[in-house]
Amino acid sequence: MEKRQELYAGKAKSVFRTDDPDRMVLVFRDDTSAFDGKKVEQLDRKGMVNNKFNAFIMTKLAQAGIPTHFEKLLSDNESLVKRLDMMPIECVVRNVAAGSLTRRLGVQEGTELTPPTFELFLKNDALGDPMINESHVEAFGWAKPEHLAKAKELTYQVNDVLKALFAEGGMILVDYKLEFGLFNGEVVLGDEFSPDGCRLWDAETKEKMDKDRFRQGLGGVIEAYEDVGRRIGIDFDA
Ligand code: 5GP
């Protein structure tokens with residue numbers, strides 16, 4: 001496999017073509033952004049930590065029967081993935097109220113959500129990733145109804161696998177965002193799963209161990225990500 005020209009650069013990752021039209025290389029950079037790119041900083045070791053974190057989680061999900069784009073780690077900050085035709089939407093499941101939900105509905109952070117909620121957002125920085133519903137997805141042709149239904153089913157399946165995994169490490173999976181795409185007609189999990197795109201709290205102290213540390217200027221961002229990783233069995237020195 002040969003890495004070729006850059007396809008695009010996102011806020012935290014860059015994507016490169018390879019000599020195989022169905023495979024891409026994800027490069028996890030140290031850039032950390034929040035508030036639709038309005039706050040950006042470089043955090044030492046972040047690319048390596050998120051790359052290895054994502055590889056570990058995607059492997060766990062694949063073992064649980066969830067199709068993912070992840071193929072293999074290539075280096076400390078690079079992974080080989082399948083090239084998906086991405087749906088321009090974000091699927092969010094929440095087990096506990098936090099973030100935009102508390103602002104939108106005026107509920108107390110920490111309120112348990114039973115059953116967990118499912119929300120959709122349009123991937124559009126200029127519009128601030130607005131919340132949408134299933135009829136918008138269909139009317140605007142962002143995904144076929146059967147593909148959206150599958151993405152929703154997989155998003156809930158991910159919850160079962162990861163809630164248990166993080167609970168074993170003494171953490172609460174508060175919420176998370178997933179992105180899906182199509183590969184040979186199949187709905188497949190793409191993008192990444194890392195503490196950048198989910199909320200994780202220590203089960204005892206409720207300390208924040210995710211990107212909210214960056215958003216809220218709490219410090220110790222990468223130290224917290226590494227702590228989460230070690231608690232679920234990731235060896236960042238491997
Ligand atoms: P909220 O809607 O509360 O801002 O986010 C819900 C969950 O989805 C959080 O775990 C948050 O990190 C994740 N999330 C939502 N939008 C984005 C996004 O554009 N980028 C990333 N990395 N995570 C997001």
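The values are calculated or read from the model by the stated rules, or taken from the named source; none is laboratory data. Keep in mind the model is a prediction, meaning the values are calculated, not measured. Positions of Cβ are backbone-derived with ideal geometry, glycine not excepted, and every protein chain shown enters the neighbour counts. What goes into the accessible areas is simple: the full protein's heavy atoms, side chains included, and nothing from ligands, DNA or RNA. Shrake-Rupley method; radii C 1.70, N 1.55, O 1.52, S 1.80 Å.
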How big is the charge dipole of the stretch 33-90 about its Cα centre, in debye rounded to the nearest 20, if each Lys and Arg gets +1 on its Cβ and each Asp and Glu gets -1 on its Cβ? 120 debye
Looking at the stretch 140-216, which GluC sites (Glu not before Pro) are DSSP coil and have at most 16 other C-beta atoms within 10 Å of their C-beta? E204, E207
From a point 7 Å beyond the Cα of Y156 in the direction of its Cβ, which residues of the stretch 103-147 have a backbone N at a distance under 18 Å? 113-121, 133-135, 145-147
Helix-only mean residue ellipticity at 222 nm, the chain, DSSP H runs n ≥ 4 weighted -39,500 (n - 2.57), per residue, nearest 500. What is it? -9000 deg cm²/dmol
Hey, got the dipole for the chain? About the Cα centre, +1 on K and R Cβ, -1 on D and E Cβ, debye to the nearest 20? 260 debye
Residues meeting the amide H criterion for L113 (H placed from the backbone, H to H distance under 5 Å, 5 or more places apart or on another chain) are V96, A97
Contact order relative to length of the stretch 128-229, as percent, for alpha carbon pairs under 8 angstrom and 6 or more apart: 17 percent
Name the residues whose placed amide hydrogens come within less than 5 Å of the amide hydrogen of F180, ignoring near sequence neighbours (fewer than 5 apart) on the same chain. M87, I89, G190
At a threshold of 8 angstrom on Cα-Cα distance, excluding pairs fewer than six apart, so keeping six or more, what relative contact order does the stretch 27-176 reach in percent? 19 percent
Under the rule of at least 5 residues apart or a separate chain, name every residue whose amide H is placed under 5 Å from the amide H of R83. R23, M24
Pick from F180, F53, F16 the residue whose mean-square fluctuation is largest in a GNM of the chain, springs joining Cα atoms under 10 Å. F16
Just want the answer: with Cβ charges of +1 for Lys and Arg and -1 for Asp and Glu, which residue in A98, H69, M86 is farthest toward the dipole's positive end in the stretch 64-109? A98
Order of exposure, largest accessible area first, which applies to H136, H147 with probe 1.4 Å: H136, H147
Applied in sequence order to the stretch 103-111, the curve 6.51 cos²θ - 1.76 cosθ + 1.60 (Karplus, θ = phi - 60°) yields integer Hz couplings, x standing for Gly and Pro, of 6, 5, 10, x, 8, 6, 4, x, 5
Starting from the 7 Å offset along Cα-to-Cβ, what nm value, one decimal, do you get for the label separation of F35 and E168? 3.9 nm
Spelling out what I want: for every residue of the stretch 190-205, take phi, set θ = phi - 60°, compute 6.51 cos²θ - 1.76 cosθ + 1.60 (Karplus), and round to whole Hz; glycine and proline get x. x, 6, 8, 10, 8, x, 6, x, 8, 10, 10, 10, 4, 5, 7, 8
